[in-house]
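Working notes, structure below.
The values are calculated or read from the model by the stated rules, or taken from the named source; none is laboratory data. Note that the structure is predicted; figures quoted are calculated from it, not measured. Please note: Cβ atoms are built from the backbone with ideal geometry, for glycine as well, and neighbour counts cover all protein chains shown. Please note that ligands, DNA and RNA were not included when accessible areas were found on the heavy atoms of the full protein model with its side chains. Shrake-Rupley method; radii C 1.70, N 1.55, O 1.52, S 1.80 Å.
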Amino acid sequence: MTFGQLRTFAALARTGSVRDAAAQLVVTQPAVSAAVAALERDLGCELVARDGRGLRLTEQGTVLARYATALLELADEARREVHGGGGLRLAAVTTAGEYLAPPLVKAFADRHPGVTVSLLVGNRAHVFAALERSEVDIAIGSTPPHGRGLEGVPFLAYRLMVVAGAGAVPADLADTTWLLREPGSGTRQTAEAYLAEAGIAPRAVMTVGSNGAIKQAVAIGLGVSLLSTHAAGPELASGALRRVPAPGAPLRRSWFLLRRADGPRPAAAQTFWDFCRSREARAAALRAVRPR
């Protein structure tokens, strides 16, 4: 059993196709088939079976795919650690990535100038998937979902409030348009849950793909939205946006540090994890998002 064979089998498990696995690895289809056959001979069992025009993993193949993925991740991690410490691969959900992660990374870099940092920003679904695939070491987001092998600790509290344009505060929150983030966004899930719990059935809903676009739309009177104090702080301070009294609002939430529960602990990632729970990190985050 070699890492090359395991990498080939993992690609086959992901794609469900010899042709697609070969294309992904930039090898020939016979090379993929030969690698799988060699694994089957070595292990003495069938790993894949024909399923119509495609392939499916057998029970033993499913087990091997899980271990192959873990072994390849550890090998990649070892390679990164050997060559310069590996750096920090950080991800953050959109709101945290736009407003919270930059000051945290700046404060961390000031204390640890030798650590390189890459930052992936996406919605909740994208960030959780990146963590599960070990494409990032740590993420900043909302409460980790159950049953997906992720763990998290809360490290910074924030509030969500209903906001409107300075001259467009509605008398009835149902008789207006609500501007919501895209499906897969944690902010959208929270907003939909809030509307249901508060018994508010909006006249109309508009999907907008970024916090910046939502704030601009709200400011010119297009509707109202549920925004975090991090995202709306400067506009509330300047008067471009106004807080709208709403039942059950503001909502109190916490940002979480997230990582795989069973994954490796690279030195840079552990150092950042510990730093984010320090008073220094909290002070840096609050200075950056506090309305001035």
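Computed values, structure above
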{"quantity": "Charge dipole (debye, nearest 20) of the chain; +1 at Cβ of Lys and Arg, -1 at Cβ of Asp and Glu", "calculated": "720"}
{"quantity": "The chain, helix-only ellipticity at 222 nm - DSSP H runs n ≥ 4, -39,500 (n - 2.57), divided by all residues, nearest 500", "calculated": "-14500 deg cm²/dmol"}
{"quantity": "Largest-first ordering by accessible area, 1.4 Å probe, given options Val205, Val153", "calculated": "Val205, Val153"}
{"quantity": "Value of relative contact order over the range 86-195, rounded to a whole percent, pairs C-alpha under 8 Å and six or more apart", "calculated": "28"}
{"quantity": "Net lengthening on full extension, Ala237/Asp175 (0.36 nm per residue, minus Cα-Cα)", "calculated": "19.7 nm"}
{"quantity": "Prolate/oblate/rounded label for the range 171-292 (Cα gyration tensor, a/c 1.5)", "calculated": "prolate"}
{"quantity": "Per-residue SASA entry for Ser238, accessible area with 1.4 Å probe, Å² rounded to 10", "calculated": "90"}
{"quantity": "Whole-number accessible area per residue in Å² for the chain, which is evaluated in the context of all protein chains at 1.4 Å", "calculated": "50"}
{"quantity": "Selected from Ala281, Ala34, Pro202, residue furthest toward positive end of dipole (the chain; charges at beta carbon)", "calculated": "Ala281"}
{"quantity": "Area accessible to solvent at Arg203, 1.4 Å probe radius, in Å²", "calculated": "150"}
{"quantity": "Heavy-atom SASA rank of Cys276, Cys45 (probe 1.4 Å, accessible area, largest first)", "calculated": "Cys45, Cys276"}
{"quantity": "Normalised contact order of the chain, rounded percent, pairs of Cα under 8 Å and 6 or more residues apart", "calculated": "21"}
{"quantity": "The range 158-233: C-alpha gyration tensor shape, a/c 1.5 cut-off, then a/b vs b/c", "calculated": "rounded"}
{"quantity": "Computed label-point distance, nm, for sites Ala38 and Asp274 using a 7 Å Cα→Cβ extension", "calculated": "4.2"}
{"quantity": "Calculated P(r) of the range 172-216 - Cα pairs past 11 Å, %", "calculated": "65"}
{"quantity": "Accessible surface of the chain [probe 1.4 Å, protein heavy atoms]: carbon and sulfur percent", "calculated": "53"}
{"quantity": "Percent RCO, i.e. relative contact order, over the range 33-164, from Cα pairs under 8 Å lying at least 6 residues apart", "calculated": "19"}
{"quantity": "Calculated FRET value between Glu151 and Ser210, using beta carbons and R₀ = 30 Å, to 0.05", "calculated": "0.55"}
{"quantity": "Largest to smallest accessible area among Ile138, Ile200 [probe 1.4 Å]", "calculated": "Ile200, Ile138"}
{"quantity": "Inter-part distance where the range 1-75 and the range 209-260 are each reduced to a Cα centre, Å", "calculated": "47"}
